[in-house]
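The values are calculated or read from the model by the stated rules, or taken from the named source; none is laboratory data. Only a predicted model underlies this, so the values are computations on that prediction, with no experimental measurement involved. Glycine gets a Cβ as well: all are built from the backbone with ideal geometry, and neighbour counts include every protein chain shown. Surface accessibility is based on the protein's heavy atoms, side chains included, excluding ligands, DNA and RNA. Shrake-Rupley method; radii C 1.70, N 1.55, O 1.52, S 1.80 Å.
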Amino acid sequence: ETANVVQVVSKVTGPGTVRNPMPVGPPVALAISPSAGIIPLDEKSFTVSVRLHNNVEGQATESVHLELPGGWTSEPKSIPVHFSQLGEEQAVAFTIHPGAIAEKEYQVTAVADYNGKAYKEGYVTTGYTGLRPYFLYSPAVYKTTGTDVKMAPSQNIGYIEGSGDDVPSALEALGVHVSILSPQDLASADLSKYDSILVGVRAYAVRPDLVTNNNRLLKYVENGGVVMVQYNTPEYDHNYGPYPYVMTGDPEEVTDEKSVVTILDPQNPLFTWPNKITSKDFDGWIEERGSKFLSSWDAKYEPLLETHDEGQPPQKGGLVYARYGKGAYIYNAYAFYRQLPLGVPGAYRIFANMLSLPKNPQFHAGK
């Protein structure tokens, strides 16, 4: 028995006539970005962007505003948006001035007013060729958590993008705007202007220029810079660090997001300044602890954390730290690239310490 469904018919090269259910959606779909994050307790203002998609034939005029926690205001209060055709998209930006911030979760909702009705959600089309398309709806909400996080001021940070991660945009919550390093930058730019350089996820798998110019990164560390390599696949298993290490072809991962994390050296500068890191900062992690842990390393690397799944041997190769020349080199397999875009407070506090390392007094004392 089949239900009667209004269908739309389209001609597709190959399959010929294709019938799909006629999509019926709201006159306007909207999304807010970011969708999750943190807000430092002393934050005075931050920006969100709202993207609108018009589903009305021809001309349409709407206005957009934000539903905010008590005591918060936005500039402007609302923004008019004019559409001229079906399918058109526009983005508008609001500056939010939060009231007093506590260590708790807050929610900001984007609202579009059209013809006397309020719309607060957007959708994406899901499916693939040959499968009936479905619409996944989600509310246009930004969830942010008040976080006691400090960051050393005026950091100049270079970022070597790998195969796509959301860390650079997530760091905006800390007031950090990274400089994306192009192949030309890696090959010939003056790297000494950066306080630290972050290597993005899987970068050694997708950036042949990083492999070619890896020695320039090591020279940068030797001269006093800090390099932090995020989770990388076994393509990284070629001693790209200042001292030897081994990852193995099938590297360890720790998938239990609640696995106990032990801080092996609580006095290491990464855990002391400007935020005092404790095991509590590993609470509330989502999906996993980390992946592609090192299996062995030269004694000049210091392992800083240990965690493991049930029945798994202790894993100490997820965060290793080495002084080299005047600088420092870090390999970090913990899943910050997942935690930061999802707004996990402890992950921001630890990451802020890593980014603040070049200004850390302990660091300059040679620790």
- Note on the structure: Within the stretch 298-322, of all residues that are over 20 Å from residue 201 (Cα atoms), open to solvent by 60 Å² or more (accessible area, probe 1.4 Å) and touching a residue at least 40 places away in the same chain (Cβ under 8 Å), the one farthest from the chain's Cα centre (by Cα) is 300
- Note on the structure: The condition of being buried (at least 19 other Cβ atoms within 10 Å of the Cβ) and under 22 Å from the mean Cα position of the chain (by Cα) holds, among 294, 270, only for 270
- Considering only the stretch 107-116, state which residues are assigned to a strand (DSSP E or B) and over 12 Å from residue 28 (Cβ atoms). 107, 108, 109
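Among the residues of the stretch 90-103, how many are under 25 Å from the mean Cα position of the chain (by Cα) and at pLDDT below 95?
Step one: of the stretch 90-103, the residues under 25 Å from the mean Cα position of the chain (by Cα) are 90-98, 101-103.
With at pLDDT below 95 added as a condition, the list becomes none.
Result for the stretch 90-103: 0.
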- Spans of strands (runs of 3 or more DSSP E) in the stretch 13-106 with at least 3 residues surrounded by 12 or more Cβ atoms within 10 Å (Cβ to Cβ): 16-21, 28-33, 36-40, 46-54, 60-67, 78-83, 89-97
- Message: Just to be sure I understand, how many residues within the stretch 107-129 are surrounded by 14 or more Cβ atoms within 10 Å (Cβ to Cβ) and farther than 24 Å from residue 56 by Cβ?
- Response: 1
- Task: Hey, can you tell me all the residues within the stretch 323-342 that are within 23 Å of the chain's Cα centre (by Cα) and open to solvent by 10 Å² or more (accessible area, probe 1.4 Å)?
- Result: 337, 338, 341, 342
- Task: Having 2 or more residues that are under 22 Å from residue 273 (Cα atoms) is the bar; report the strands (runs of 3 or more DSSP E) wholly within the stretch 284-352 that clear it.
- Result: 319-324, 327-332
